[in-house]
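*Asks:* Sharing a structure here in structure tokens format.
The values are calculated or read from the model by the stated rules, or taken from the named source; none is laboratory data. The structure presented is a predicted model; accordingly, all values stated were derived computationally and were not measured. Note that we place each Cβ from the backbone using ideal geometry, even for glycine, and neighbour counts take in every protein chain shown.
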Amino acid sequence: MTIQRGGVTFSGGEPTLNMEFLANAAQALREKGVHVLIETCGQFNYEKFNELVYPHVDLIYFDIKIMDSGNHKKYCGLPNNTILENFKKLYRKYLNGGVAVLPRTPLIPGITDTKENLSAIVSLYREEKIKKTQLMAYHPLWRDKNLKIGIESFSTKENKMGEWMANERVKECEKLFTDAGILLE
């Protein structure tokens, strides 16, 4: 997978929430020779995405956050069945010559960075023959912004959510993947 410099990244929220707009914008950019990257959580109608958006994309960043469906619902608001199905379909399509897909996991203390969760992600990656991923260390920069606009959630009350993730902890998480032969981006 080659990652190019420059271009346009459609990110979130979730860019696939307005599939028609995303498709039109991506198509217009590609027609001008602009590299198009989509960053998605994967909660979308696959057939519609495949038809409207996929033909106009150069690279997909696909977030794999939480493997346990119950925990996914608890922290993200819905189960992860559709997300995992979409991920597998897109990654298999990539392996057969399609658009590159880079799975990514945000490391959130006590939520996504648990050994149980990361081990389950590693198992998925082995099953799907994934050779490369990206782990994104947690940072607390969002907390003050949320509080300023009056949003207080479970995570703004947690002390561990107010601190930067320690390098040692990031290295421990990375080791689970590298020990399994999965390269880190």
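*Asks:* Only one of (1) over 21 Å from residue 184 (Cβ atoms); (2) assigned to a loop (DSSP other than H, G, I, E, B); (3) in contact (Cβ under 8 Å) with a residue 40 or more places away in the chain is not met by residue 97, so which one is it?
*Replies:* Only one criterion is unmet by residue 97, namely (3).
*Asks:* Turning to a different aspect of this structure: Looking at 65, 89, which is the one that is more than 13 Å from the chain's Cα centre (by Cα) and at pLDDT 95 or above?
*Replies:* After ruling out the rest, the residue left standing is 89.
*Asks:* Continuing with this model, one more query. Determine which single condition residue 118 fails, assuming it passes every other condition in (1) over 24 Å from residue 6 (Cα atoms); (2) touching a Lys or Arg at 6+ places or on another chain (Cβ under 7 Å).
*Replies:* The single condition residue 118 does not satisfy is (2).
*Asks:* Out of 119, 155, which single residue is at pLDDT below 70, under 21 Å from residue 71 (Cα atoms) and either out of contact with any helix residue (DSSP H, G or I) (no Cβ under 7 Å at 6 or more places or on another chain) or not in a strand (DSSP E or B) (or both)?
*Replies:* Result of the check over 119, 155: 155.
*Asks:* To continue, here is another question. State yes or no: is residue 16 among the polar types (S, T, N, Q) and in contact with an Asp or Glu (Cβ under 8 Å, 6 or more places away or on another chain)? Even if it seems obvious, please write down each step before you answer.
*Replies:* On the way: among the polar types (S, T, N, Q): yes; in contact with an Asp or Glu (Cβ under 8 Å, 6 or more places away or on another chain): no.
Taking the combined requirement at face value, the residue does not satisfy it.
*Asks:* Go through segment 46-95 and give me each residue that's surrounded by fewer than 18 Cβ atoms within 10 Å (Cβ to Cβ) and of a type in the set (S, T, N, Q).
*Replies:* Result: 50, 69, 81, 82.
*Asks:* Still on this structure: For segment 50-83, what are the residues that are closer than 27 Å to residue 8 by Cβ and either assigned to a helix (DSSP H, G or I) or without any contact (Cβ under 8 Å) to a residue 12 or more places away in the chain (or both)?
*Replies:* Selection gives 50, 51, 52, 54, 55, 56, 76, 82, 83.
*Asks:* With respect to residue 135, is the statement that it is under 15 Å from the mean Cα position of the chain (by Cα) and at pLDDT 95 or above true? Steps first, please.
*Replies:* Values: under 15 Å from the mean Cα position of the chain (by Cα): yes; at pLDDT 95 or above: yes.
So residue 135 fits the description; yes.
*Asks:* Oh, and also: Tally time: how many residues in segment 15-45 are of a type in the set (Phe, Trp, Tyr) and surrounded by fewer than 16 Cβ atoms within 10 Å (Cβ to Cβ)?
*Replies:* 1
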